[in-house]
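Novice: Here's a structure for you.
The values are calculated or read from the model by the stated rules, or taken from the named source; none is laboratory data. Values in this document were obtained by computation on a predicted structure and should not be read as measured data. When we count neighbours, we look across all protein chains shown, and the Cβ atoms used for this are built from the backbone with ideal geometry, even at glycine.
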Amino acid sequence: MTLLVGALLVGCGSTTSKETSVTPNPNETETVASQTINYAIWSSPKGVFNPVLLNDIYDRKVGELVFSSLLTLDADDNIIPALAESYEVSEDNLKITFKLRSNVTWHDGKPFTAKDVAFTFTSIADPNYTGPRFAEIEKLVGAQDYRDGKADTVKGIEIIDEKTISFTYSEVYAAALANFAIRGILPEHLWGAIPVGEWEKQTNLLTNPIGTGAFKLVNFVPDQYVELVRNDNYFLGAPKLEKVILKVSNQETAQGELINGTLDIAALSSFKQQDLDTYTSAGKTILEYPSASYQFMTMNNENPLFADKRVRQAITYAINRDGLVNQLLEGHGSIINAPLAVSSWAYPKEGLNDYAYDTEKAKSLLAEAGWTEENGVLQKEGTVFKVDLLVPTGNKVREQSAPVIQQNLKEVGIEINIQAMDFASVKAKVYEEHSYEMALMGFSLELDPADAKSYWSSELLGKPGFNFANFNNAQSDTILNQAAQSLNQDERKVHYNEWAKLLNEEAPFVYLYSPNEARVYNPNIKGYNFSNYIEFPNIHKWTVE
């Protein structure tokens, strides 16, 4: 995490390092006295406050405050205990046993037990469940049989006693712990009598959720706000804040609301220096960190133009990625050199080729690969190096990067024809048909790197999906399979570091950059933090001074 205050903004072009403050207005004074936080959201939640069903980003924010999961994440995305006070993984990595806390109750006072946990995950396997979570539990023993109506229970879910439950998998599922850290648990006593296929119709239960989380929902006014009050019986201790209000705002008015005190926290929508200076001169604090997303330029590795990795490496050297970050992101981003989030524990801290912008190095590699320049354009055995670059519209920074890349590659003799089109058209050509030469795209990565197999496995060749680079590398397959055979992060880190270095060498993509995420907040809020995958880590410890 990077904390930006007035002094640190000097490096970004600020003309002053002095941090000033404004006289608190009455609204801010009331906020301090009442221990209330007003948090900006850019759209109204849909009101599906059920962790098994919700799929909307703003519903998820509400769910994070209301519901708890067996495990959770700290501000650095490390997995830590939550409803489970401890867990044990079997030697063969196929069974996870959770010991639940004894001091947990639902918001309505009912006791929390292993029965609630079993109910939640069994519901995801229900034949009538149409939500997006089944992939999280499909490797549990008996999950598919239950889903197909061939069994009355999910065999791999076993209640040992009121406070102990185990999950047994048919094969090692490396992302299991990460999934347990993000999936909230439902109260069986409220949802158990309702057929899963009828859940989406339960408006009253969906909009008046009962959880075990740090806050209780007391008022939801669509298109205006969600009001939550502290849970005095929260199992990690009563929150210091009395109230959290998720206020529907918009990016055009949020700056004024932050400055006048009607908002306390908001996502930063612009890294323009003028906006940063406005916030810091008003005494606000900016918290910035590398996101879990990245932009890249994919090359169809089955195309003869890109079959030689020296060509792919040369293209990476030829692009001024540092310039893209500094000019288009105004310095608020990171160059990446492997297909992992730079903030991930799996991303190597050293040992990667940084492919620093080097036109001469690019030309040298292209020459080694047999390409010669004639009249400013590369040719080889009668083939001119001319490529169509697909650019999906909608992401302005990505669109702006295309002509920069075009000019960079022209300087080494590669002619680029930019084809801008809507995202759906690009998706059809790239994801579904794999009928393209080069394309600018972006990924938002899951918490656990186990999903790398979904992007890079040779088993996916010739099939619609994420291996649209048509990357075919037996060593990569072997390493990814090894990484998937353990739930021990230290063991897996060794494998993913090795894999990242291989992908760095093979360069199936040009890994461009990872934009930063940031929040602006009132510095009177102490203990505030956030991360890529959790918006309110340790919110029970936050306080307003």
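Novice: State all residues of the stretch 134-158 that are in contact with a Pro (Cβ under 9 Å, 6 or more places away or on another chain) and surrounded by 18 or more Cβ atoms within 10 Å (Cβ to Cβ); if no residue qualifies, say none.
Specialist: We begin by selecting, within the stretch 134-158, every residue in contact with a Pro (Cβ under 9 Å, 6 or more places away or on another chain); these are 146-149.
Within the stretch 134-158, Y146, R147 meet the criteria.
Novice: Name the residues in the stretch 242-269 that are under 25 Å from N231 (Cβ atoms), among the aliphatic types (A, V, I, L, M) and in a loop (DSSP other than H, G, I, E, B), would you? Spell out how you get there, then give the answer.
Specialist: At the first step, the residues of the stretch 242-269 found to be under 25 Å from N231 (Cβ atoms) are 242-248, 263-266.
Within this subset, residues satisfying the condition of being among the aliphatic types (A, V, I, L, M) are 244-246, 248, 263, 265-266.
Once the filter is applied, which keeps residues that are under 25 Å from N231 (Cβ atoms), among the aliphatic types (A, V, I, L, M) and in a loop (DSSP other than H, G, I, E, B), the stretch 242-269 yields only L263.
Novice: I've got another one for you. Suppose we filter the stretch 448-459 for residues that are at pLDDT below 90 and either of a type in the set (A, V, I, L, M, F, W, C) or in contact with a His (Cβ under 8 Å, 6 or more places away or on another chain) (or both); how many remain?
Specialist: Result for the stretch 448-459: 0.
Novice: Now a separate question. With S90, S43, S102 as the choices, which residue is at pLDDT below 95 and out of contact with any Cys (no Cβ under 8 Å at 6 or more places or on another chain)? Even if it seems obvious, please write down each step before you answer.
Specialist: Values: S90 fails: at pLDDT below 95; S102 fails: at pLDDT below 95.
When all the criteria are applied, what remains is S43.
This table checks each residue for (1) assigned to a helix (DSSP H, G or I); (2) in contact (Cβ under 8 Å) with a residue 12 or more places away in the chain; (3) under 26 Å from K95 (Cβ atoms).
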position: S454; (1), (2), (3): yes, yes, yes
position: T478; (1), (2), (3): yes, no, yes
position: Q482; (1), (2), (3): yes, yes, yes
position: K493; (1), (2), (3): yes, yes, yes
position: A500; (1), (2), (3): yes, yes, no
position: L503; (1), (2), (3): yes, yes, no
position: A518; (1), (2), (3): no, yes, no
position: N532; (1), (2), (3): no, yes, no
position: E535; (1), (2), (3): no, yes, no
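Novice: Can I ask one more? Residue check: is A341 within 25 Å of P449 (Cα to Cα), of a type outside the set (D, E), in contact with a helix residue (DSSP H, G or I) (Cβ under 7 Å, 6 or more places away or on another chain) and crowded, with 20+ Cβ neighbours inside 10 Å?
Specialist: Values: within 25 Å of P449 (Cα to Cα): yes; of a type outside the set (D, E): yes; in contact with a helix residue (DSSP H, G or I) (Cβ under 7 Å, 6 or more places away or on another chain): no; crowded, with 20+ Cβ neighbours inside 10 Å: yes.
Taking the combined requirement at face value, the residue does not satisfy it.
Novice: Scanning the stretch 144-166 for residues that are in a strand (DSSP E or B) and either in contact (Cβ under 8 Å) with a residue 60 or more places away in the chain or among the β-branched types (V, I, T) (or both), which turns out nearest to P127 (Cα to Cα)? Even if it seems obvious, please write down each step before you answer.
Specialist: Applying the first criterion (in a strand (DSSP E or B)) to the stretch 144-166 yields 157-161, 164-166.
Applying the additional criterion that residues be either in contact (Cβ under 8 Å) with a residue 60 or more places away in the chain or among the β-branched types (V, I, T) (or both) yields 157, 159-160, 164-166.
Numbers: I157: 17, I159: 21, I160: 25, T164: 26, I165: 23, S166: 22 Å.
Filtering the stretch 144-166 for residues that are in a strand (DSSP E or B) and either in contact (Cβ under 8 Å) with a residue 60 or more places away in the chain or among the β-branched types (V, I, T) (or both), the one nearest to P127 (Cα to Cα) comes out as I157.
Novice: Cβ-Cβ under 6 Å, sequence separation 6+ or interchain: first residue in the stretch 122-143 and at positive phi, partner of a type outside the set (D, E) and outside any helix (DSSP H, G or I). Which pairs?
Specialist: G142/A151; G142/V154; G142/K155; G142/G156
Novice: Right, something else. Using beta carbons and a limit of 8 Å, which pairs, at least six apart or on different chains, have the first residue in the stretch 426-441 and among the basic types (K, R) and buried (at least 21 other Cβ atoms within 10 Å of the Cβ) and the second one part of a helix (DSSP H, G or I) and modelled with pLDDT of 95 or more?
Specialist: Pairs found: none.
Novice: Considering each of V229, V221 in turn, give the residue that is outside the structural domain of L328 (by TED's automatic domain parsing), without any contact (Cβ under 8 Å) to a residue 24 or more places away in the chain, among the β-branched types (V, I, T) and in contact with a Lys or Arg (Cβ under 7 Å, 6 or more places away or on another chain). Walk me through it before giving the result.
Specialist: On the way: V221 fails: in contact with a Lys or Arg (Cβ under 7 Å, 6 or more places away or on another chain).
Of the residues listed, the single one that is outside the structural domain of L328 (by TED's automatic domain parsing), without any contact (Cβ under 8 Å) to a residue 24 or more places away in the chain, among the β-branched types (V, I, T) and in contact with a Lys or Arg (Cβ under 7 Å, 6 or more places away or on another chain) is V229.
Novice: When residues of the stretch 54-79 are filtered for being β-branched (V, I, T), part of a strand (DSSP E or B) and modelled with pLDDT of 95 or more, how many remain? Reasoning before the result, please.
Specialist: Within the stretch 54-79, the subset β-branched (V, I, T) is 57, 62, 66, 72, 79.
If we keep only those that are part of a strand (DSSP E or B) too, we end up with 72, 79.
Subset that is modelled with pLDDT of 95 or more: 72.
The total comes to 1.
Novice: Taking the condition of being outside any loop (DSSP other than H, G, I, E, B) and closer than 24 Å to P449 by Cα, how many residues in the stretch 167-197 meet it? Break it down into steps so the answer makes sense when it comes.
Specialist: Applying the first criterion (outside any loop (DSSP other than H, G, I, E, B)) to the stretch 167-197 yields 167-169, 176-180, 184, 188-191, 196-197.
If we keep only those that are closer than 24 Å to P449 by Cα too, we end up with 167-169, 176-180, 184.
Residues that pass the stated criteria total 9.
Novice: Testing D116 on (1) assigned to a loop (DSSP other than H, G, I, E, B); (2) more than 30 Å from Q485 (Cβ to Cβ); (3) touching a residue at least 60 places away in the same chain (Cβ under 8 Å), one condition comes back false. Which one is that?
Specialist: Result: D116 fails condition (1) only.
Novice: Please pick out the residue among G465, G442 that is at positive phi and not assigned by TED's automatic domain parsing to the domain that holds D77.
Specialist: Result: G465 is the single residue among G465, G442 that is at positive phi and not assigned by TED's automatic domain parsing to the domain that holds D77.
Novice: While we're here: Checking the condition crowded, with 21+ Cβ neighbours inside 10 Å, among the basic types (K, R) and more than 30 Å from V391 (Cβ to Cβ), which residue from K284, K349 passes? Don't jump to the end; show me each part of the working.
Specialist: Values: K349 fails: crowded, with 21+ Cβ neighbours inside 10 Å.
Step by step, each of K284, K349 is checked, and only K284 is crowded, with 21+ Cβ neighbours inside 10 Å, among the basic types (K, R) and more than 30 Å from V391 (Cβ to Cβ).
Novice: Which of (1) β-branched (V, I, T); (2) touching a residue at least 40 places away in the same chain (Cβ under 8 Å); (3) surrounded by fewer than 22 Cβ atoms within 10 Å (Cβ to Cβ) is the odd one out, the single condition T253 does not satisfy?
Specialist: (2)
Novice: Then there is this: Mind telling me which of the residues T207, T212, T130, T120 ends up being at pLDDT below 95, within 26 Å of the chain's Cα centre (by Cα) and of a type in the set (S, T, Y)?
Specialist: Within the list T207, T212, T130, T120, the selection yields T130.
Novice: Could you run through the stretch 294-311 and say how many residues are over 24 Å from D451 (Cα atoms), surrounded by 20 or more Cβ atoms within 10 Å (Cβ to Cβ) and not aromatic (F, W, Y)?
Specialist: Qualifying residue count for the region: 2.
Condition check ((1) buried (at least 19 other Cβ atoms within 10 Å of the Cβ); (2) over 28 Å from E350 (Cβ atoms)) across all residues:
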| residue | (1), (2) |
| --- | --- |
| S444 | no, no |
| L447 | yes, no |
| N470 | no, yes |
| N481 | no, no |
| R519 | yes, yes |
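Novice: Let me ask something else about it. What number of residues in the stretch 203-229 are in contact with a helix residue (DSSP H, G or I) (Cβ under 8 Å, 6 or more places away or on another chain) and outside any helix (DSSP H, G or I)?
Specialist: Total satisfying the criteria: 11.
Novice: Another question, if that's okay. In the set V404, V397, which member is modelled with pLDDT under 95, touching a helix residue (DSSP H, G or I) at 6+ places or on another chain (Cβ under 8 Å) and aliphatic (A, V, I, L, M)? Walk me through how you get there before you give the answer.
Specialist: Numbers: V404 fails: modelled with pLDDT under 95.
Testing whether each residue is modelled with pLDDT under 95, touching a helix residue (DSSP H, G or I) at 6+ places or on another chain (Cβ under 8 Å) and aliphatic (A, V, I, L, M) leaves just V397.
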